[in-house]
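Participant: Starting off with a structure, shown below.
Every number here is computed from the coordinates shown, using simple stated rules; none is lab data. All values derive from a computational prediction rather than experimental measurement. For neighbour counting, all protein chains shown are included, and Cβ atoms are generated from backbone atoms with ideal geometry for every residue, glycine included.
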């Protein structure tokens, strides 16, 4: 199968964090073939930009025609276009194309160095934006294009529509610079789509904009509908941020290949869950920890985005003659309920990727507290009506409620149940091995 061909018209980052280096990593990770027309060379590292060397316009055009005339393309992504003359050239080159064009209006580097001449902004507005299938500005770039600050969600909603009036078919306005958790807005010409996620606490975010725009270009080239393409591209970026590389003394780069980790880690995760089960099944008396609704052990793959990327026990855990027993083998997607808990926990703390469901007991809670563990409780009586109406949403809501209240992911989360709902404790840990260690600690005395 021939991969989609994505032509990137952008500058080079000698530190490998942003620019075409980030673009090519994103395209390759998603199965595309990246090609380049370099617009500038930069002397750049994690601390900033030490120098910029523009590529002559005629050579930018020669690169473009060499690629298009021989290899062809399925999408274009533009990045650093440092001058009005270069913007004019690129607008002319892409005008006859019938493929998606993603315009990332790169203006300032992560360290604050300006990469787009002030006089080029008007050329960008007038010539390039009307040719864009998707425009992907951050808040600062949107503010410069509009001539006023964009600093909160309401201003973002207005800005996305106004930017679309400048000509692009769609606008993805990135809210990573918001004071609260980030929210990206996609305006597709008809309606606004909001994409929210908890902020990942890391300084290693160099290259996020390039990575997102190139991921979108690749997915659009593959024929994915725009909202779904944005959602998938954002997932890749979140995984890339979570897997960011602590290189240099400044802002380290995001790492797009981290998006591959769930697929690469599946075999190892299955083996680790099975090994934990083998150990737990040999310990006498652990059956007393199994609730009437049966227990569960689940382990999320690195960067897991849904239940299909959470390994759990098929058929749950049961009790036979006082021993814990797995009803079936570990499989990805085997428990949506346990997945909701661990996915919510790992969204707040990527290190917390395992959960064990056990019966409610005041003795278990007392034992956990005596071990110095953090314990959190939620009440089903406080569950909002809209959450209660959505099947399986209680566990997600309850987990998030406790985490928000405590300001961290606790070791245990419990509720006291309600009519028709058994009270249950959820033991949250980093991995199956820690689950085993903590179950042994709980079993050290009769609980």
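Participant: Mind running the shape call on region 1-119? Use the C-alpha gyration tensor, a ≥ b ≥ c as the square roots of the eigenvalues: rounded below 1.5 for a/c, prolate if a/b tops b/c, oblate otherwise. Please report the intermediate quantities before stating the final value.
Facilitator: On the way: a/c = 1.99, a/b = 1.32, b/c = 1.51.
Judged from the Cα gyration tensor, region 1-119 comes out oblate (a/c at least 1.5, b/c at or above a/b).
Participant: Moving on. In degrees, nearest 10, range 0 to 90: what is the angle between the Cα axis of helix 226-242 and the longest Cα principal axis of the chain?
Facilitator: The two axes meet at around 70 degrees.
Participant: Applying a 10 Å radius around every beta-carbon, put 428-440, 212-224 in order of their mean neighbour count, most first. Don't skip to the answer; put the middle values down first.
Facilitator: Working: 428-440: 19.8, 212-224: 26.5.
Top to bottom by mean Cβ count within 10 Å: 212-224, 428-440.
Participant: Looking only at the chain, where both bridge partners belong to it, what percent of the DSSP beta bridges are antiparallel (to the nearest 5)?
Facilitator: Details: 41 of 64 bridges.
Taking every DSSP beta bridge with both residues in the chain, the antiparallel ones total about 65 percent.
Participant: With the contact rule set at Cα under 8 Å and sequence spacing of 6 or more, what percent relative contact order holds for region 292-391? Before the final figure, lay out the partial values.
Facilitator: Numbers: 146 pairs, mean separation 25.9, N = 100.
Here the relative contact order equals 26 percent.
Participant: What do you get for Rg/Rh over region 262-442 if you use C-alpha atoms and the Kirkwood form of Rh?
Facilitator: Details: Rg = 15.0 Å, Rh = 16.1 Å.
For region 262-442, the value is 0.93.
Participant: So, one more: Is region 257-331 best put as rounded, prolate or oblate by its Cα gyration tensor, with a ≥ b ≥ c the root eigenvalues, rounded for a/c under 1.5, and otherwise prolate when a/b is larger than b/c, oblate when not?
Facilitator: Details: a/c = 3.36, a/b = 2.24, b/c = 1.50.
In terms of gyration-tensor shape, prolate.
Participant: Further question on the same structure: Out of all DSSP beta bridges in region 5-254, what portion is antiparallel? Express it as a percent rounded to 5. If you can, show how the numbers build up before the last one.
Facilitator: Values: 15 of 35 bridges.
Of those bridges, close to 45 percent are antiparallel.
Participant: Let me ask something additional. How large is the convex hull of the Cα atoms of region 158-226 per residue, expressed in Å³ as a whole number?
Facilitator: Working: hull volume 7.6 nm³, N = 69.
Measuring per residue, one finds 109 Å³ for the Cα hull of region 158-226.
Participant: Just the number: Rg to Rh for region 191-276, Cα atoms, Kirkwood Rh, two decimals. Don't skip to the answer; put the middle values down first.
Facilitator: Values: Rg = 15.2 Å, Rh = 14.4 Å.
Reported Rg/Rh, Kirkwood definition of Rh: 1.05.
Participant: How big is region 295-378 along each principal axis, measuring the range of its Cα positions in Å and listing the largest first?
Facilitator: 35, 34, 19
Participant: Right, something else. Please work out the Kirkwood hydrodynamic radius for region 5-254, using every pair of different C-alpha atoms, and report it in angstroms with one decimal place. Show your work: numbers first, answer last.
Facilitator: Numbers: mean 1/r = 0.0566 Å⁻¹.
When all Cα pairs of region 5-254 are included, the Kirkwood radius is 17.7 Å.
Participant: Could you work out the relative contact order of the chain? I mean the mean sequence separation of Cα pairs under 8 Å and 6+ apart, divided by the number of residues, in percent. Write down the numbers at each step before the final one.
Facilitator: Numbers: 979 pairs, mean separation 48.1, N = 447.
The normalised contact order for the chain reaches 11 percent.
Participant: Right, here's the next one. Normalised by the residues of region 262-442, what does the relative contact order come to in percent, with Cα pairs under 8 Å and at least six apart?
Facilitator: Details: 370 pairs, mean separation 40.1, N = 181.
Relative contact order for region 262-442 comes out at 22 percent.
Participant: Another question about this same structure. Could you tell me what percent of the DSSP beta bridges with both partners in region 84-233 are antiparallel, to the nearest 5?
Facilitator: Working: 9 of 13 bridges.
Within region 84-233, antiparallel bridges account for around 70 percent of the total.
Participant: Can you tell me the mean projection area, over all orientations, of the convex hull of the chain's alpha carbons? Units nm², please. It would help to have the intermediate numbers written out before the result.
Facilitator: Numbers: hull surface 92.3 nm².
Result: 23.1 nm².
Participant: Based only on other Cβ atoms within 10 Å, what is the fewest-to-most ordering of 128, 235? Provide the component values of the computation, followed by the final result.
Facilitator: Values: 128 24, 235 17.
Going from sparsest to densest Cβ surroundings: 235, 128.
Participant: Rounding to the nearest 10 and keeping the result within 0 to 90°, find how far the Cα-based axis of helix 153-164 lies from the longest principal axis of the chain.
Facilitator: Roughly 40 degrees between the two axes.
Participant: Say each of residue 61 and residue 190 gets a label point 7 Å from the Cα, pointing the same way as Cα to Cβ; how far apart are those two points in nm?
Facilitator: With each label placed 7 Å out from Cα toward Cβ, I get 3.9 nm.
Participant: How much mean residue ellipticity at 222 nm does the chain get from its helices, if each DSSP H run of length 4 or more adds -39500 (n - 2.57) and you divide by all residues, to the nearest 500 deg cm²/dmol? Don't skip to the answer; put the middle values down first.
Facilitator: Details: 14 runs with 164 residues, N = 447.
Taking each H run of at least 4 residues, the total per residue is -11500 deg cm²/dmol.
Participant: Among 261-271, 312-322, what's the highest-first ranking by average C-beta atoms within 10 angstrom per residue?
Facilitator: Working: 261-271: 15.3, 312-322: 17.3.
Those peptides, ordered most packed to least, come out 312-322, 261-271.
Participant: If I fit a long axis through the Cα atoms of helix 393-406 and take the longest principal axis of the Cα atoms of the chain, what angle between them do I get, 0 to 90°, rounded to 10?
Facilitator: Helix 393-406 sits at roughly 80 degrees to that axis.
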